[in-house]
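The values are calculated or read from the model by the stated rules, or taken from the named source; none is laboratory data. In this text, all values refer to a predicted model and were calculated from it rather than measured experimentally. Glycine also receives a Cβ, built like all others from the backbone with ideal geometry; neighbour counts cover every protein chain displayed. Areas reflect the complete protein model, heavy atoms only, side chains present, ligands, DNA and RNA absent. Shrake-Rupley method; radii C 1.70, N 1.55, O 1.52, S 1.80 Å.
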Amino acid sequence: ELCRKWNEAHLSPKLVLSTPAAFFGALARHVRSGASPLPAMTRDLNPVNNGCDVSYVDTKLANRLCERMLYGAEALGTLAGLAAGAEYPAAALDLAWRQLLFGAHHDALTGSESDQVYVDLLGAWREAYEAAREALEGALEALCGREGTKISVFNPLPWRRDGVVEVELPAQLQ
């Protein structure tokens, strides 16, 4: 009834009720007739705004990984300053946070950015992660040192954890 009323009221486009099999059969016949070839498509179906309607889940994961690394670096950097007199890695963490926050716009965190923005974001997240990792490693070295065979376990997360910690010893200590 809806199709009939639409088609009576409008010259174009005409509505036709169909099944997937009937639709794809008609499409195949149309293409075989040479009336219009199917265009070759790559990953992206939008030639105007490349990257739209595509979701990169790894951008969400990269952002979260950087956030966690930064949180740990800040917490242990503060602890290393208080307990071991280490200098707080302010410059490295400032750089990391700026890179992380610069990439926190609405397209990036939803994963719907264009290809060029995606490439730019990956570089920025790598820089943020590496700066935070270096700050975290510096804090751990200040707290634990490098010498000896002692094992220390830190939980920089804001909640308690009670899982088992597995440690693989170097061959010379086994």
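Test residue 115 against the criterion of being out of contact with any Ser or Thr (no Cβ under 8 Å at 6 or more places or on another chain), without any contact (Cβ under 8 Å) to a residue 24 or more places away in the chain, surrounded by 11 or more Cβ atoms within 10 Å (Cβ to Cβ) and over 22 Å from residue 77 (Cα atoms), and give yes or no. Here the answer is no, as residue 115 does not meet what is asked. Is one or more of the residues making up segment 133-153 surrounded by 13 or more Cβ atoms within 10 Å (Cβ to Cβ) and among the hydroxyl-bearing types (Ser, Thr, Tyr)? Checking segment 133-153: not a single residue is surrounded by 13 or more Cβ atoms within 10 Å (Cβ to Cβ) and among the hydroxyl-bearing types (Ser, Thr, Tyr). Counting only residues that are open to solvent by less than 30 Å² (accessible area, probe 1.4 Å) and not aliphatic (A, V, I, L, M), segment 90-112 holds 2 of them.
When restricted to residues that are open to solvent by less than 100 Å² (accessible area, probe 1.4 Å) and in a helix (DSSP H, G or I), segment 1-21 contains 6.
Check whether at least one residue in segment 63-70 is out of contact with any helix residue (DSSP H, G or I) (no Cβ under 8 Å at 6 or more places or on another chain) and either under 30 Å from residue 155 (Cα atoms) or at pLDDT 95 or above (or both), and report yes or no. Scanning segment 63-70 turns up at least one residue that is out of contact with any helix residue (DSSP H, G or I) (no Cβ under 8 Å at 6 or more places or on another chain) and either under 30 Å from residue 155 (Cα atoms) or at pLDDT 95 or above (or both).
Yes/no per residue for (1) charged (D, E, K, R); (2) assigned to a helix (DSSP H, G or I); (3) under 21 Å from residue 82 (Cα atoms):
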{"position": "127", "(1), (2), (3)": "yes, yes, no"}
{"position": "130", "(1), (2), (3)": "yes, yes, no"}
{"position": "142", "(1), (2), (3)": "no, yes, yes"}
{"position": "158", "(1), (2), (3)": "no, no, yes"}
{"position": "164", "(1), (2), (3)": "no, no, no"}
